[in-house]
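The structure under discussion appears below in the form of structure tokens.
The values are calculated or read from the model by the stated rules, or taken from the named source; none is laboratory data. Because the structure is predicted, anything quoted here is derived from the model rather than measured. As a convention, Cβ positions derive from the backbone with ideal geometry for all residues, glycine included, and neighbour counts pool all protein chains shown.
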Amino acid sequence: MLAAILSAGTILAAEAAVRTRINRAPQGTYPRMLAGRVRICRAYNRGLVGSRLSDRPALAAALQSSSALVAIGVCALAQLPGTGMPVWGRVGAGLVVGGALANTGERLIKGHVTDYVHLEKSPVPLLRRRIWNLADAAIFNGSVLTAAGFVLGGAL
């Protein structure tokens, strides 16, 4: 349980710090290149993945809140002693919860999620088209770790 709490808390704190810095920066600060490959920008996503449902913000908020509740439930399930979940799977579950809470919290408070990482020079076309944030990366990577933990831990 401690691993999940620490990983969730780390994502929440890191996202809060990065978003605060990006949102408080003066106009014209962004976009800028980082290491010649990563473009840091300031984009406000009022919808879900790829700005879907941006014209229906209440529905986007409801769906995101629901998915955060599901993530919390899966994280709780991953913590049960009988699951055989390895520590890295528990960390993954915490990453999912931390990312989901960070995005959901900002959406409910501000009406949007701040995205800021754009891999415009990525060899993967999907990554060139999306702007994302640390919470999104935590949700994706945490999902992979948690699913692998359930499968390899023998719970599924």
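Summary table below
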| item | result |
| --- | --- |
| Selected residue (only one of Ala8, Ala71, Ala13, Ala4 is surrounded by fewer than 16 Cβ atoms within 10 Å (Cβ to Cβ), more than 17 Å from Arg130 (Cβ to Cβ) and out of contact with any Ser or Thr (no Cβ under 7 Å at 6 or more places or on another chain)) | Ala13 |
| Output for region 131-156, where each listed residue is farther than 20 Å from Leu63 by Cα, of a type outside the set (A, V, I, L, M, F, W, C) and surrounded by fewer than 20 Cβ atoms within 10 Å (Cβ to Cβ) | Asn141, Gly153, Gly154 |
| Cβ-Cβ under 7 Å pairs, at least 6 apart or on other chains, region 37-55 side assigned to a strand (DSSP E or B), far side aliphatic (A, V, I, L, M) and modelled with pLDDT under 85 | none |
| Filter result for Ala93 (farther than 18 Å from Val144 by Cβ and of a type outside the set (Phe, Trp, Tyr)) | no |
| Residue count for region 111-146, restricted to those that are aliphatic (A, V, I, L, M), assigned to a helix (DSSP H, G or I) and either under 23 Å from Leu6 (Cα atoms) or in contact (Cβ under 8 Å) with a residue 40 or more places away in the chain (or both) | 7 |
| Residue identified as at pLDDT 95 or above and outside any loop (DSSP other than H, G, I, E, B) among Leu63, Leu95, Leu69, Leu108 | Leu95 |
| Positions within region 37-49 being closer than 17 Å to Leu127 by Cα and either modelled with pLDDT under 90 or in contact with a Cys (Cβ under 6 Å, 6 or more places away or on another chain) (or both), in sequence order | Arg37, Leu48, Val49 |
| Close pairs (9 angstrom Cβ cut-off, 6 or more residues apart or separate chains): part of a helix (DSSP H, G or I) and at pLDDT below 95 in region 12-36, of a type in the set (Phe, Trp, Tyr) and surrounded by fewer than 14 Cβ atoms within 10 Å (Cβ to Cβ) anywhere | none |
| Positions within region 73-87 being free of Cβ contacts under 8 Å to residues at least 24 places away in the same chain and either assigned to a loop (DSSP other than H, G, I, E, B) or in contact with a strand residue (DSSP E or B) (Cβ under 8 Å, 6 or more places away or on another chain) (or both), in sequence order | Leu80 |
| Every pair of residues 6+ apart whose Cβ atoms lie under 6 Å, when the first sits in region 88-106 and is over 13 Å from Phe140 (Cβ atoms) while the second is among the hydroxyl-bearing types (Ser, Thr, Tyr) and surrounded by fewer than 24 Cβ atoms within 10 Å (Cβ to Cβ) | Thr104/Ser65 |
| Leading residue by the ranking (surrounded by the most Cβ atoms within 10 Å (Cβ to Cβ)) among those in region 77-92 that are over 17 Å from the mean Cα position of the chain (by Cα) and at pLDDT 85 or above | Met85 |
